[in-house]
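The values are calculated or read from the model by the stated rules, or taken from the named source; none is laboratory data. Remember, predicted model here, so these are calculated numbers, not experimental data. The area values use the complete protein model at the heavy-atom level, side chains included, leaving out ligands, DNA and RNA. Shrake-Rupley method; radii C 1.70, N 1.55, O 1.52, S 1.80 Å.
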Amino acid sequence: MMPGWLDSNMDDIDDLEDVFELMFSCGWGLVVAIFVLLLLFWLFLYLLSLRNQYNLAGKHVLITGGSSGIGKAVAKEALLRGAEVVTILARNEEKLEATKSELERLITPKLDQRVNTISADVCSEELQEELEIGLSGLPPVDVLINSAGITFTASFQDTTPQDFEKQLQVNVLGSVRPTKVLLPDMIEKQQGRIVFISSMAGQTALYGYTAYSASKYAVRGLAEVLDMELKVHNIRVSVSFPPDTDTPMLQGELGQRSPIVKAQAGFGSVFKAESVARDICRGIERGKFLITHGFDGFLLGVIATGMSPVYHWATLITEVVCLGLFRLVGCVYITLFYNIVRRETKKAKKQN
């Protein structure tokens, strides 16, 4: 038989345990409730961002580097989305005509679609005159996609100043010149879309891409400044960061890759040009500034978001929530890349 005073105290302890148990269960319930509410709020903002999308249907889309690779895939996707005129610009007339024939098979007759070609060099000082002639009689360009570009893989020591100049000339000035020509009409209309094709190498360091990466970082910087300048004119700017994409340019690059570059590339997969093109067109229609591709692209996009413009609150919330964790994951990747460089360098020294 338990003494009365002890029995009374035991009753008090039981009551306290009930209280703590109730508080604990309510606390977790509150956490779950807050999480669900935040999730619903994020979903509301995301769905809100899908309203009043920009529609490619009925638009005139001009794509530089449009005779092959990502540019060609974007031309196809634009036609499938109802673009009225798709103009592809490239240097090689034979490839242009072959691509035009391929694109015309995608035309929907009732939409009165048209494929136009312009043979020109995006780096040429005569580009304005060539564009004026090639676009004569057509509606003004609504969407410009700067897809022309080249790549060169070598370490800094093996990259000549001429290699740097060529990369910067094509990848940066090759986007500047078409934009300079077509921008005045967009400003006059107070509407338009301009897209720049950068690269994942324009977001993070990759061994062997000193010239290419420098040019693609410059493309991103150009896009950010232009967005700030042109938003007041209702002109949106986007920049796409494709990973390795199955294109003729990639096939030409594979033979240049050193063991270090090959080892680093093994961490990512090769995307289809059609998949990248869908992401780009979807990004244009949703008004995105940063257009990423795949989960790795999304992860890197959040890590490298920096001071880039934000057009949707849902995007901002996602970046804020994910940034810390993604930064840790990114550090793991960077450590692995540095270790690859160290390992392959030691191996090369032993072989020599």
Within the stretch 307-352, restricting to residues that are assigned to a loop (DSSP other than H, G, I, E, B) and closer than 23 Å to V276 by Cα, the one that is most open to solvent (accessible area, probe 1.4 Å) is V310
Go over the candidates I118, I133 one by one and state the one that is β-branched (V, I, T), at pLDDT 95 or above and either in a loop (DSSP other than H, G, I, E, B) or open to solvent by less than 60 Å² (accessible area, probe 1.4 Å) (or both).
-> I118
Just to be sure, is I150 open to solvent by 20 Å² or more (accessible area, probe 1.4 Å) and at pLDDT 95 or above?
-> no
So which residues in the stretch 213-263 are among the charged types (D, E, K, R) and either in a helix (DSSP H, G or I) or open to solvent by less than 10 Å² (accessible area, probe 1.4 Å) (or both)?
-> K216, R220, E224, D227, E229, K231, E253, K262
Every residue from the stretch 264-289 that is part of a loop (DSSP other than H, G, I, E, B) and open to solvent by 30 Å² or more (accessible area, probe 1.4 Å) = G266, F267, G268, S269, V270, K272, K288
